[in-house]
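This report refers to the structure that appears directly beneath it.
The values are calculated or read from the model by the stated rules, or taken from the named source; none is laboratory data. Since this is a predicted model, take the numbers as computed values, not measurements. All Cβ positions, glycine included, derive from the backbone under ideal geometry; neighbour counts span all protein chains shown. Quick note on the areas: whole protein, heavy atoms, side chains included, nothing else; ligands and nucleic acids left out. Shrake-Rupley method; radii C 1.70, N 1.55, O 1.52, S 1.80 Å.
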Amino acid sequence: GRQDYEFLSDRKLVLWPYTNMADSRVTWGKDYITLRSDEGTPDGPFKFGFTNYAGWAAYINKGTAFIKKYHHDPSARYPDGGVSYETYTNDRFIEIETLGVLKEVMPGETTSCEETWELMPVSRVPNPKNEAALDKFSAKIVK
């Protein structure tokens, strides 16, 4: 039953050596992780990756949400410690990146990593510490 597995790990979080987990730009929530870009910040670069079972990420800038969707395959192997999603920021920009499956490709074979990009107007940015507001926001953008 479920209780047999409740104490086993079920996802991965990978960090880069320069990542400060106490960085003020990140909010580690119960169901969401938010990261903001802060132009001119004295904080250094920040990068993490994780097993993104939900298969989406969003970046909000000046009233527009950029939503990136993809399929995370829980049975597949992924690079960088086994994660399918990474995000990075420094004092100039933020990056949201999906990773393709690690797969041996023989001559003549192909592989692909498909993403869907959407733009959506956003009237209010949810407070990253308010999980209910993030739930409401994500229900609007992830259909």
Notebook entry, point to check: Do you know which of the residues in region 57-76 that are part of a strand (DSSP E or B) and polar (S, T, N, Q) is most open to solvent (accessible area, probe 1.4 Å)?
Noted result: 61
Check: Would you pick out the residues in region 24-36 that are in contact (Cβ under 8 Å) with a residue 40 or more places away in the chain and open to solvent by 40 Å² or more (accessible area, probe 1.4 Å)?
Finding: 30, 31, 32, 36
Item checked: Whichever residue in region 77-131 is among the aromatic types (Phe, Trp, Tyr) and part of a strand (DSSP E or B) and, among such residues, is surrounded by the fewest Cβ atoms within 10 Å (Cβ to Cβ) -> 117
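Table: residues versus (1) within 17 Å of residue 57 (Cβ to Cβ); (2) open to solvent by less than 100 Å² (accessible area, probe 1.4 Å); (3) out of contact with any strand residue (DSSP E or B) (no Cβ under 7 Å at 6 or more places or on another chain); (4) at pLDDT below 95.
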{"position": "2", "(1), (2), (3), (4)": "no, no, yes, yes"}
{"position": "8", "(1), (2), (3), (4)": "no, no, yes, yes"}
{"position": "11", "(1), (2), (3), (4)": "yes, no, no, yes"}
{"position": "17", "(1), (2), (3), (4)": "no, no, yes, no"}
{"position": "22", "(1), (2), (3), (4)": "no, yes, yes, yes"}
{"position": "38", "(1), (2), (3), (4)": "no, yes, yes, yes"}
{"position": "44", "(1), (2), (3), (4)": "no, yes, yes, yes"}
Check: Can you find a residue in region 27-46 that is in a strand (DSSP E or B), aliphatic (A, V, I, L, M), out of contact with any Cys (no Cβ under 9 Å at 6 or more places or on another chain) and more than 20 Å from residue 91 (Cα to Cα)?
Finding: no
Next item on the list: Please work out if residue 62 is at pLDDT below 95 and in contact with a Gly (Cβ under 7 Å, 6 or more places away or on another chain).
Entry: no
